[in-house]
Amino acid sequence: MKKCLICNSDISPFISYGDMPIANGFLSPDKFQNEYFFHMQVAHCENCSMVQLIETPDREMMFNENYAFFSGTSLAMKQHFKEFAEDVNKRFLNNQDPFVVEIGSNDGIMLQNFKEWGIRHLGIEPSANVAKVAMEKGINTIVDFFDEALANKIVAENGQADAFIAANVMCHLPYFHSIVAGISKLIKKTGIVVFEDPYLGDVIEKISYDQIYDEHTFLFSVSSINFIFKEHGMEVIDVIHQETHGGSMRYIIGHKGERDISKEAIQQMSKENSLGLNNPETYIQFRQNCESSKKLFKNLLVDLKSQGKTVAGYGATSKSTTILNYSDIGPDLIKYICDNTPIKQGKYSPGKHIPIVPIETFRGNYPEYVVLFAYNHAKEIMEKEKEFTANGGKWILYVPNVHII
Ligand code: SAH
Ligand code: TYD
């Protein structure tokens, strides 16, 4: 029996997606032979309500000097993180010489704002290649994995922080108790924690199971986050739903009793109960929904192929690794995937080995259909590719359900 990573209760999987490669492990043909796979299964803990992967690859296999995800590839996300930083600055950094720590700071997309405002900041980023981009912009960065030991070191060298911030990284960390213990020591008594991650409620509602991959050890809810932070003397004081990444939740957390708890935080926890997020039946239904969604998507592609249509993909996302491998879709059904990230171009998609090409390849010879794997950037991408649509090109989307526009 497997044990819950949060509360050590017995857990068992409600779904298996089969063997999965490293989601951001875009590779060249000489690496096909020895490609790494792990068995991807997901469980819901009935005690603390955390949804989690049963098995995850070692962290160095995912986060290293060849990490393929550069946050700055989206202009809309740059704007989103500017607003995130402004909000933290305005609401929580009103003292003299405040100090902000961000983990998963990547290429500096969020911290560059604090740097511009002359605010003392520190990024923690283990993937050396993305961290290098931030450091070249003059953003203070430590190339390492954040955990309790590193938190102690930061406090010893810099003093405690006024704010701990993070986006799309907290859910990546199976050693979560060490993270939360580290945060509780890192922030001052009046300090604040603000982070956001894809939200369990959205994944269940929109059947966006492509949010489940190696890096996403957890799918958080307000209830499960409150459970673990309480064990470390902290509590959720506010939550704000976000549209990013197909539906995310921003959690605002403080030391217990230091701040008032908002009615939104309380209401969201009771909403989670009424949505059935704490009920095992919900996950059985979710599994059935995943299976039907997968069949519909694959049948559509097989059908288009039989009609002689060309289909490509747009956005070599980590999410697409789950969809393509779970649905067994390779280059016979999707000719190529175009993407604006130089490190991904010229390589092949993890597991299914679909060629990744620059956007210019798509623009030079439009296919009839394109699957929008980066559907969370639909507005930004469709605006850029107006000409494809004007030429009669069709977009295939699969969240919240398979449809063509
Ligand atoms: N915050 C950015 C990047 C998210 S990708 C954004 O939202 O766009 C997740 C990042 O977290 C990667 O750059 C990865 O290298 C980093 N990461 C993984 N484990 C970490 C850890 N223990 N401490 C700090 N960063 C970590
Ligand atoms: P994203 O959905 O943010 O990430 P993931 O599923 O990996 O968390 O990834 C978007 C991908 O799409 C990324 O590889 C960059 C690419 N992209 C483009 O090619 N063009 C664009 O205009 C945008 C916004 C993203």
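The values are calculated or read from the model by the stated rules, or taken from the named source; none is laboratory data. Computed from a predicted structure; not experimentally measured. Here the Cβ positions follow ideal geometry from the backbone for every residue, glycine too, while neighbour counts run over all protein chains shown. Ligands, DNA and RNA are stripped out before the accessible areas are found, and what is left, the full protein with its side chains, is counted by its heavy atoms. Shrake-Rupley method; radii C 1.70, N 1.55, O 1.52, S 1.80 Å.
Annotations for the structure displayed:
- Solvent accessible area, Å² - Thr310, 1.4 Å probe, full protein context: 50
- 3J(HN,Hα) from dihedral phi, the range 285-292, Karplus parametrisation 6.51/-1.76/1.60, rounded to Hz, x for glycine, proline: 4, 4, 4, 5, 5, 4, 4, 5
- Listed values for the range 388-400 are Karplus-derived 3J(HN,Hα) couplings in whole Hz (6.51 cos²θ - 1.76 cosθ + 1.60, θ = phi - 60°), namely 4, 5, 5, 7, x, x, 10, 9, 9, 10, 10, 10, x, and x replaces Gly and Pro.
- Distance between the modelled labels on Tyr175 and Lys82, one decimal in nanometres: 3.6 nm (7 Å Cα→Cβ projection).
- Using only side-chain charges placed at the Cβ, +1 for Lys and Arg and -1 for Asp and Glu, the dipole size of the chain relative to its Cα centre rounds to 500 debye.
- Solvent-accessible surface of protein heavy atoms, probed at 1.4 angstrom with all chains present, puts Asp332, Asp202 in the order Asp332, Asp202, largest first.
- Built amide H within the under 5 Å cut-off of Cys338, gap 5+: Gly313, Tyr314, Gly315, Val357
- Antiparallel content of DSSP bridges confined to the range 71-278, in %, to 5: 45
- Taking Ser293, Ser16, Ser208 in turn, the Gaussian network model of the chain (Cα-Cα springs below 10 Å) assigns the largest fluctuation to Ser16.
- 10 Å beta-carbon shell around Val143, net charge (K/R +1, D/E -1): -2
- Taking each of Lys3/Lys188; Lys115/Lys319; Lys206/Lys319 in turn, the alpha-carbon distance tops 26 angstrom for Lys3/Lys188; Lys115/Lys319.
- A 1.4 Å probe, protein heavy atoms only, puts the accessible area of Thr190 near 90 Å².
- q = 0.08, 0.10 Å⁻¹: log10 I(q)/I(0) that the Debye formula gives for the chain, counting C-alpha atoms only: -0.42, -0.67
- Set of the range 281-295 residues, backbone N closer than 18 Å to the point 7 Å along the Cα-Cβ line of Ile404: 294-295
- Inter-label distance, nm, simple model (7 Å from Cα along the C-beta direction), Lys90/His241: 2.2
- Both the radius of gyration and Dmax for the range 185-293 are 14.8, 49 Å, in that order, over alpha-carbon atoms.
- Computed over the range 71-278, Cα set: Rg, Dmax in Å: 16.2, 48
- Alpha-carbon gyration tensor eigenvalues x 5, square-rooted, for the range 267-399, Å: 30, 18, 15
- Modelled FRET efficiency - R0 22 Å, Lys137 with Asp97, Cβ distances, 0.05 increments: 0.50
- In order along the range 261-268, the Karplus-derived 3J(HN,Hα) couplings, from 6.51 cos²θ - 1.76 cosθ + 1.60 at θ = phi - 60°, round to 8, 6, 5, 4, 5, 5, 4, 5 Hz, and Gly and Pro are given as x.
- Accessible surface, per residue, of the chain when the full set of protein chains is kept, probe 1.4 Å, Å²: 41
- In this structure, the amide hydrogen of His121, modeled 1.01 Å from its nitrogen in the peptide plane, lies closer than 5 angstrom to those of Val100, counting only residues at least 5 positions away or on a different chain.
- Split the accessible area of the chain by element, probe 1.4 Å, and carbon with sulfur accounts for 49%.
- MRE, 222 nm, helices only [DSSP H, n ≥ 4, -39500 (n - 2.57), over the chain, to nearest 500]: -10500 deg cm²/dmol
- Accessible surface for Arg259 stands near 80 Å², nearest 10, in the context of the full protein assembly shown (1.4 Å probe).
- When the charge dipole of the range 244-378 is built from unit charges on Cβ atoms (+1 for Lys and Arg, -1 for Asp and Glu) and taken about the Cα centre, the candidate among Thr322, Ile252, Pro355 whose Cα reaches farthest toward its positive end is Pro355.
- Simple point charges give the picture: +1 on the Cβ of Lys and Arg, -1 on the Cβ of Asp and Glu, and for the range 71-278 a dipole about the Cα centre of about 480 debye.
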